[in-house]
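Before any comments, here is the structure.
No lab work stands behind these numbers, since they all come straight from the coordinates. None of these values were measured; they are calculated from a predicted model. Note that we place each Cβ from the backbone using ideal geometry, even for glycine, and neighbour counts take in every protein chain shown.
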Amino acid sequence: MLNPSFDHVMSEGDSRYALVMVTAKRARQLIEGAEPLIETESKKAVTIAIEEIVAGKVKFQNPNIDSIK
């Protein structure tokens, strides 16, 4: 089971897809050697990425439709 809960993590954004993409991208960065932005006992990259998002160290937002055109 994930700790923090998925509902708590979703409070950081409104799109499940965006949350998954940001988590995966950050986990990949950690696997490739990036330093964690928080202190944690976890060794798993995905867990660290989620904890960073919940702690507000990694932010994401949906793009503005006008900026895509």
**Prompt:** What's the exposure ranking of ARG26, ARG16, going from fewest to most Cβ atoms within 10 Å?
**Reply:** ARG16, ARG26
**Asked** On full extension of the chain, what length is gained from ARG16 through GLU35, given 0.36 nm per residue of separation minus the C-alpha to C-alpha distance?
**Response** 4.3 nm
**Request:** Subtract the Cα-Cα distance of ASN64 and LYS44 from 0.36 nm times their separation in residues, and report this length gain in nm to one decimal.
**Result:** 3.9 nm
**Prompt:** HN-Hα J couplings of the range 16-29 from phi, Karplus 6.51/-1.76/1.60, θ = phi - 60°, integer Hz, Gly and Pro as x?
**Reply:** 4, 4, 4, 4, 5, 5, 5, 4, 5, 5, 5, 4, 4, 4
**Request:** At 0.36 nm per residue, minus the direct Cα-Cα distance, what do LYS25 and LYS57 gain on full extension? Give it in nm, one decimal, please.
**Result:** 10.1 nm
